[in-house]
Structures are given as structure tokens and as C-alpha cells.
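The structure under discussion appears below in the form of C-alpha cells.
The values are calculated or read from the model by the stated rules, or taken from the named source; none is laboratory data. Treat the numbers as computed from the prediction; the structure is a model and nothing was measured. Note that each Cβ is placed from the backbone with ideal geometry, even for glycine, and that neighbours are counted across all protein chains shown.
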Ligand code: ADP
């Protein structure tokens with residue numbers, strides 16, 4: 001295994017009951033990559049992430065994280081996770097932005113221990129990185145979906161992760177702000193050196209931002225640099241999705257893209 005390999009899946013298969021939902025997946029994510037994971041609904045993308053987060057065990061094959069087999073891996077601080085449901089706070093939730101970000105430190109310092117000045121600085125630094133420092137004392141519920149999602153990225157950043165996994169993070173982000181959201185992710189990748197894995201439905205725009213793309217439907221159908229993915233033919237995509245998808249290419253409106261799932 002290369003020293004720079006952060007995630008390695010070897011012949012991984014998984015089923016919840018009788019049917020395989022992930023089958024014979026071989027995948028390596030190397031340090032410094034910004035990997036977009038695409039595929040139709042129900043194609044096993046979230047399950048693949050659960051396998052990487054150790055939430056489910058492979059039925060066949062093996063998972064390695066930062067060079068260690070899943071069983072021996074225990075430094076979960078290294079892996080940040082932001083889900084699509086993160087931005088579901090309604091205006092009644094009584095927490096400020098900085099409080100939400102500090103909860104990202106709980107597993108490091110232990111629940112019910114007092115946060116000190118250093119922790120506050122760390123939380124503020126993370127908010128600066130995502131451009132939300134001016135909202136530190138706003139109520140989380142008052143923010144837009146896109147702003148909340150930035151706060152949840154800051155929450156993941158306080159533990160200095162080497163790998164950040166995002167499951168459809170642009171759901172709930174206003175279409176107008178999706179591009180700047182991707183630019184933030186690209187900045188985290190380039191300037192902070194964080195390896196990114198992002199599940200997305202934005203087939204048309206992901207290649208503008210991600211360095212690499214994985215296209216899956218139970219198994220991996222394409223894995224390569226974003227430029228190569230642009231060469232992946234419409235026919236290949238139609239076959240993978242089971243219906244014509246070429247009209248999605250270069251469609252920048254996220255909500256319309258979801259419409260075709
Ligand atoms: P995707 O993220 O690509 O939409 P998922 O990984 O969520 O795909 O789901 C893959 C398949 O596994 C789907 O058929 C889904 O219905 C099934 N599935 C997902 N989670 C569970 C679960 N907890 N129990 C049983 N089946 C599940």
C-alpha cells in the first residue's frame with residue numbers, strides 16, 4: 001500500500017439482508033484528493049461511506065483507514081463527517097453557532113468537561129476558515145441552509161481531520177450558493193491539505209471542482225481523474241443510471257438534477 005493511501009477498500013461486498021448493495025468494490029483514496037462519488041439513488045453510496053466510517057462491517061473483503069485495518073483503527077478524530085441532514089435545525093434550536101462548532105471537540109476533551117479559551121479559539125479559527133466568524137453568536141436556527149452547512153463543516157474541522165467525508169452536503173444549499181460552497185471545499189482541499197470524499201448528485205458540475213470521480217452502482221464503474229470522467233460517454237452513463245442522463249451534464253441547477261433521480 002502506498003504511504004499516501006488514506007482509504008483502501010479491497011474486494012468489499014456488503015448486504016443488509018439477501019441482496020448485495022455493495023459488490024466487489026476496490027477503491028483507494030490518496031492523500032490530497034478531492035473525490036466526488038456519484039451514482040443513481042440506491043446504488044450503495046451511503047453504504048460505502050458507512051463501511052469507511054466503520055458503522056457497518058464488510059461481509060466480504062477488507063477496509064483500511066490511514067494504513068490500518070478497520071479493526072485496529074481507533075483515531076476517529078482524523079475523519080470528519082458532514083451529512084446532508086446536518087442542516088435541519090429549525091429556528092427553535094437554542095444553540096449559538098460557536099456552541100455547535102464546539103460540539104466537534106466533545107470526543108477529544110470528553111463530554112461535560114468545560115471548554116477553555118483554547119477550545120474557543122479553535123472553534124473561531126474553524127469558523128474563519130468557512131467564512132462564518134461574524135455569525136459566531138447567532139442562533140444556528142436563524143441561518144440559511146448553506147450557512148448552516150458551513151457551520152457543520154467548521155464543526156468537523158475543529159478536530160483537524162485528515163479526511164472529510166460529506167454525504168450530499170449541497171442538499172438544502174440554495175442553488176445560487178452551490179458554486180461558492182464547492183469553492184470552499186476546493187479551498188479546504190488545496191489550502192488546508194484535507195482529503196475530501198463527497199457524495200453528490202451534481203454530475204454536471206462536480207468535475208469542475210473535484211480532482212477525481214468515482215461512479216458506482218453497487219460496484220465501481222468508473223474511477224479516475226475528473227478530466228477523464230468528462231470523456232466517460234453518455235452511453236456509459238445511461239447504462240449505469242438505467243435511463244438517459246446526458247441532459248444532466250452541465251446542468252448547474254441542483255434541484256433539477258435531483259428531479260431526475
Ligand atoms: P445511495 O446512498 O446510493 O442512495 P444506499 O447505500 O443508501 O444508496 O442504499 C443502497 C441499498 O441498500 C438500497 O437498496 C437501500 O434500500 C438499501 N439499504 C440502505 N440502508 C439500509 C438498511 N439500513 N437496511 C436495509 N437496506 C438498506
Of the residues in segment 206-236 that are in contact with a helix residue (DSSP H, G or I) (Cβ under 7 Å, 6 or more places away or on another chain) and part of a helix (DSSP H, G or I), the one that is modelled with the lowest pLDDT is 234
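This table checks each residue for (1) in a helix (DSSP H, G or I); (2) modelled with pLDDT under 90.
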residue: 81; (1), (2): no, no
residue: 84; (1), (2): no, yes
residue: 87; (1), (2): no, yes
residue: 98; (1), (2): yes, no
residue: 112; (1), (2): no, yes
residue: 119; (1), (2): yes, yes
> Do we find that residue 210 is crowded, with 21+ Cβ neighbours inside 10 Å and touching a residue at least 60 places away in the same chain (Cβ under 8 Å) in this structure?
Replying inline: yes
Checked 41, 26 against criteria (surrounded by fewer than 16 Cβ atoms within 10 Å (Cβ to Cβ), closer than 24 Å to residue 178 by Cα and in contact (Cβ under 8 Å) with a residue 24 or more places away in the chain); the one match is 41
Here the residues within segment 160-172 that are surrounded by 24 or more Cβ atoms within 10 Å (Cβ to Cβ) and in a loop (DSSP other than H, G, I, E, B) are 169, 170
Those residues of segment 190-205 which are assigned to a helix (DSSP H, G or I) and surrounded by fewer than 21 Cβ atoms within 10 Å (Cβ to Cβ) amount to 190, 191, 204
Just to be sure, is residue 54 within 16 Å of the ligand (Cβ to nearest atom), under 17 Å from residue 81 (Cα atoms) and surrounded by fewer than 21 Cβ atoms within 10 Å (Cβ to Cβ)?
-> yes
